[in-house]
Structure formats: structure tokens, C-alpha cells
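Derivation of every value follows stated rules applied to the coordinates shown; laboratory data play no part. A quick note: this is a predicted structure, and the numbers were derived from the prediction, not measured. With ideal geometry, Cβ positions are generated from the backbone for all residues, glycine too; neighbour counts draw on all protein chains shown.
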Amino acid sequence: MQVTLKKSSLVLGVLAALLVTMALAASSASALGFCGGASVNNQNKCWGSLRAMSGANAYGQSTGVCVGADNYSGTCAPTNQYAQVNVPAGNHYPWVIGTGSSFTTTWGNSW
């Protein structure tokens with residue numbers, strides 16, 4: 001009886017550790033924000049911090065924006081629509097820039 005209880009406890013402990021590991025791995029794969037609430041225009045680019053990513057998107061609240069990462073340029077989109085860039089998986093600096101001379105508040109996410 002004692003051997004069965006010890007084996008059951010061991011199995012439950014291993015399962016609990018596996019669940020914790022899976023939860024941590026899943027949270028690291030979620031989107032990471034950048035330039036949240038930053039003001040950009042066509043002369044002022046906002047750069048996000050270095051991160052592991054394979055793509056990013058961003059939008060501007062009052063004018064359009066373009067999005068990219070490092071030297072990769074993605075799409076541009078009009079006001080309140082998402083511009084997107086896809087990059088080779090790896091470490092990159094995402095960025096967003098406005099499409100007009102007036103400033104817009106922007107938000108971006110990378111994955």
C-alpha cells in the first residue's frame with residue numbers, strides 16, 4: 001500500500017511540474033507590445049526593444065502607420081487598421097512610423 005502511495009505521489013508531482021512548464025512556455029509565445037501610446041509621424045520612428053519574434057503589427061489612432069523590424073519593411077495601413085511585417089524567426093527590433101506629417105498615437109504587437 002505504501003509503495004502505491006509513493007508512486008502515485010511521484011506521478012502527481014511529475015504531472016504538476018509538466019503542467020507548470022507548459023504554462024510558462026505558452027506564456028512566452030504570446031504577443032509582446034511595443035511603442036504603446038507613442039506619438040509618431042513620418043519623421044519620428046518608434047523602436048521597440050530587442051525581442052525574439054517572427055512578425056509584428058501596429059496601428060495609428062489618427063493617421064496611418066507603417067511597421068517593420070530592423071531593416072525589414074512591412075506594410076502600411078490607414079488610420080485604425082493594422083500594418084504588418086513578417087521576418088525570419090529570430091531576435092529583431094520592431095518599429096513603427098507614421099505615414100503623414102501630423103502625429104498619431106500608435107500601438108504595436110510582435111509575435
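Arrange the following residues from fewest to most other Cβ atoms within 10 Å of their Cβ: W107, W95, W47. Intermediate values should be presented prior to the final figure.
Values: W107 18, W95 24, W47 15.
Going from least to most buried by this count: W47, W107, W95.
If we count every other residue with Cβ under 14 angstrom of G90's Cβ, Lys/Arg +1 and Asp/Glu -1, where does the sum land?
Values: positive: R51; negative: D70.
Taking every Cβ under 14 Å from that of G90, the sum is 0.
Give me F103, F34 ranked fewest to most by other Cβ atoms within 10 Å of their Cβ, as a rough exposure proxy.
Values: F103 18, F34 25.
By the 10 Å Cβ count, ascending: F103, F34.
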